[in-house]
1. Please find, among LEU26, LEU7, LEU40, the residue that is out of contact with any helix residue (DSSP H, G or I) (no Cβ under 9 Å at 6 or more places or on another chain) and at pLDDT below 90.
2. In the stretch 31-46, which residues are more than 11 Å from GLU81 (Cα to Cα) and either of a type in the set (Phe, Trp, Tyr) or in contact (Cβ under 8 Å) with a residue 40 or more places away in the chain (or both)?
3. Please name all residue pairs, on different chains or six or more residues apart, with Cβ atoms under 6 Å, provided the first residue is in the stretch 47-62 and is at negative phi and the second residue is among the small types (Gly, Ala, Ser).
Amino acid sequence: MKKSITLIIAALFYFTVLSAATNSTLTISVSNIDPVDGKLWVALCNSEDSYKKGKMPFKRTKVAVTRAQQSITFIDLPAGEYAVKIIHDENDNGKFDTNIIGIPKEGFGFSNNSKGKMGPPSFSKAKFTIDSNKKIYIKIMKI
């Protein structure tokens, strides 16, 4: 009985370590951050549904802006399709400022540096595949 429990624990440990080893790291190099102030809100989406406005992304983070070019890293990502959305909350007021008709006053960016028409680009335009460690580049844009 003791031997069986030991074997089960060893197998669970082995498969846990093996699955963690197959997961990847995503490094996002963000450029054109101006002004060098506020925070970057970064959303990593792993499906079209998680990419939609108002939905919870797969992972997210906020990073203080300290330079005009910064890197953000997400670790332990399973293989799959992802898209990144970034908002530069320039004045650090906790919201994405827009004018009266909804045009952004603050910077933003999407993976593949994709652009949308009258709104954000679709998930299919912004998506990319992770099957090993990956680095992507996003340039913050303003309207």
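1. Values: LEU26 fails: at pLDDT below 90; LEU40 fails: at pLDDT below 90.
Going through LEU26, LEU7, LEU40 in turn, just one is out of contact with any helix residue (DSSP H, G or I) (no Cβ under 9 Å at 6 or more places or on another chain) and at pLDDT below 90: LEU7.
2. Residues of the stretch 31-46 that are more than 11 Å from GLU81 (Cα to Cα), as a first pass: 31-43.
The answer is SER31, ASN32, ILE33, ASP34, PRO35, ASP37, GLY38, LYS39, LEU40, TRP41, VAL42, ALA43.
3. TYR51/ALA83; PRO57/ALA43; PRO57/SER50; PHE58/SER50; ARG60/ALA43
The values are calculated or read from the model by the stated rules, or taken from the named source; none is laboratory data. Here the structure is a predicted model, which is why all the values come from computation and not from measurement. Cβ: placed from backbone, ideal geometry, glycine included. Neighbour counts: every protein chain shown.
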